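First up is the structure itself, then whatever we jot down about it.
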Amino acid sequence: MINNNQLPLTIVIITDRNDDRFINALRSSQIASHVLILDNNSNNDWNRLTKKYQFSIVSHEKEIFNFAKTRNKLLKRVKTKWVMFLDSDESLGSSTKEIKSNTKSIEQVINNDLFDGVTITRKDVFLGKSLKFGEAGNIKITRLFKVEKGKFASNVHEVARINGKLGESDIIVSHFSHNDVSSFLKKISKYSKMASDNERSSKLTNFLKMIFYPILKFLQ
């Protein structure tokens, strides 16, 4: 149910999971007037969830090999001026205080209208611990932008390109990436293969990437 306290914003979530991480993402997304979910064979009980949360859903049964293309298609379904993309293992806050803080920051970005898009800070939480160093410590990514000004590029680890003025924000998203080391390595292996398949390089180069990238990524 939409109320007057919700922001004039669409939050988009792509999910193939039905665990607590997705529920946390969905719960925190309720600050937006519109929530759009792409269901990629997640097997969620949508009838039950609609009784507790507000959202609209798009079904996508095929495996996603190009996330940028998928996100760009979803952008065409957004009716609000502003859009924010939230992964199914991310959350705008695990407490009411954190969600309120992010809500205020998002509202300031939208109301001030100084930028066409802004970066957010994503903090990785791995095995219950917040990572403070390395690539995943506190990365800046563009997730909140005006629909007509943004477009995604790259099939894996897609990046939003803003055709306009890009600023920074105080928005902090928690990323609950993996429950164990095994799932972490499997995901890296899958994504490295997807990236290699999309690049125009030799078979040997792609083979070496598939072998060594997961190992180096884990060590990093």
Margin query: Tell me the residue from F212, F207, F218, F133 that is part of a loop (DSSP other than H, G, I, E, B), surrounded by fewer than 17 Cβ atoms within 10 Å (Cβ to Cβ), modelled with pLDDT under 65 and among the aromatic types (F, W, Y), please.
Written below: F133
Check: In the stretch 9-65, which residues are of a type in the set (K, R), surrounded by 15 or more Cβ atoms within 10 Å (Cβ to Cβ) and under 27 Å from K81 (Cα atoms)?
Finding: R27
Notebook entry, point to check: List pairs: first in the stretch 137-157 and farther than 17 Å from M84 by Cα, second open to solvent by less than 30 Å² (accessible area, probe 1.4 Å) and assigned to a strand (DSSP E or B), Cβ under 8 Å, 6+ apart or cross-chain?
Noted result: G137/D124; N138/T121
Notebook entry, point to check: How many of the residues in the stretch 6-38 are of a type in the set (S, T, N, Q) and in contact with an Asp or Glu (Cβ under 7 Å, 6 or more places away or on another chain)?
Noted result: 1
Margin query: Checking the structure you have, find out if any residue of the stretch 154-173 is assigned to a helix (DSSP H, G or I), open to solvent by 30 Å² or more (accessible area, probe 1.4 Å), modelled with pLDDT of 70 or more and of a type in the set (K, R).
Written below: no
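The values are calculated or read from the model by the stated rules, or taken from the named source; none is laboratory data. As the structure is a prediction and not an experimental result, all values here were calculated from the model. Using ideal geometry, Cβ is built from the backbone for each residue, glycine included, and neighbour counts are taken over all protein chains shown. The area values use the complete protein model at the heavy-atom level, side chains included, leaving out ligands, DNA and RNA. Shrake-Rupley method; radii C 1.70, N 1.55, O 1.52, S 1.80 Å.
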